[in-house]
Amino acid sequence: MTERLKNIKPPRTLGLYPTPEWATAELLQRLPLESGDVILDPASGDSAIAKVIKEFSSRLCVVTNDIDSHRQADFHLDMTLRESWKWIERSTGGFDWAIGNPPLHSAPPPGEKTGRPIVDFFVQMGYQHARKGIVFLLRKSFTEPVGNRRVWLQTSTHEQFLELRLEPIRFKGKRRSAESARDWYGWRHGHTGGFVPEYIWSTP
């Protein structure tokens, strides 16, 4: 199983849209992080989120994973496999938070323009394995109880503790840029206090 998880052909068609520093910096100020917390970014890309976390506090431990073995990361596993989450959990001794900007779809099969939706799997597996909670940058429509996430949202909605509504983010890739409306959504195990959405704008 170890070899199967490690030897993965990097899907170049997934694209890379680094999370802006300001979006991560605004998030970290509002999280109940504690000294010694282990944070996993399951789809780290160029480690944009990890870099901001390390600058934010030297008392936090950041673990990165990216399916593309050409990118610098602690692991290069396919996080659409349940075994990958278990592997990282065993290898690190467990992680407290999963924080990241997961891909919306898998690499498309030959002849297709779009792959299968996978963001729901990242959210659900992250929450299952994180000791404290998850925070992901997701489309504004994510909390609509439809499709594969309907049951999960219905059972976990009371544990949502954070929603940071951001201005449209301009993701800058190497080949192209794209503007997307996404917000930070967070769920925390045992949380029962509800939440009040906040609106955040980047500094001009």
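Observations
- Residue within region 155-164 that is among the hydrophobic types (A, V, I, L, M, F, W, C) and at pLDDT below 95 present: no
- Of the residues examined, Pro168 is not one that is touching a helix residue (DSSP H, G or I) at 6+ places or on another chain (Cβ under 9 Å) and modelled with pLDDT under 90.
- Taking residues in region 171-188 that are polar (S, T, N, Q), and partners anywhere that are open to solvent by 40 Å² or more (accessible area, probe 1.4 Å) and modelled with pLDDT of 65 or more, the pairs with Cβ atoms closer than 8 Å and at least 6 places apart or on different chains are Ser177/Arg170; Ser180/Tyr17; Ser180/Arg139; Ser180/Pro168.
- Condition met for Glu179 (open to solvent by 10 Å² or more (accessible area, probe 1.4 Å) and in contact with a Ser or Thr (Cβ under 8 Å, 6 or more places away or on another chain)): no
- Extreme residue, surrounded by the fewest Cβ atoms within 10 Å (Cβ to Cβ), among residues of region 112-165 that are of a type in the set (Phe, Trp, Tyr) and closer than 18 Å to Ala181 by Cα: Phe142
- Number of positions in region 8-26 that are closer than 20 Å to Ser180 by Cα and at pLDDT below 65: 3
- Among the residues of region 80-102, the one identified as hydrophobic (A, V, I, L, M, F, W, C), farther than 13 Å from Tyr127 by Cα and open to solvent by less than 40 Å² (accessible area, probe 1.4 Å) is Ile88.
The values are calculated or read from the model by the stated rules, or taken from the named source; none is laboratory data. In this text the structure is predicted, and so the values were computed from the model without any measurement. Backbone-built Cβ (ideal geometry, glycine too); neighbour counts: all protein chains shown. Protein only, heavy atoms only, side chains kept; ligands, DNA and RNA dropped before computing areas. Shrake-Rupley method; radii C 1.70, N 1.55, O 1.52, S 1.80 Å.
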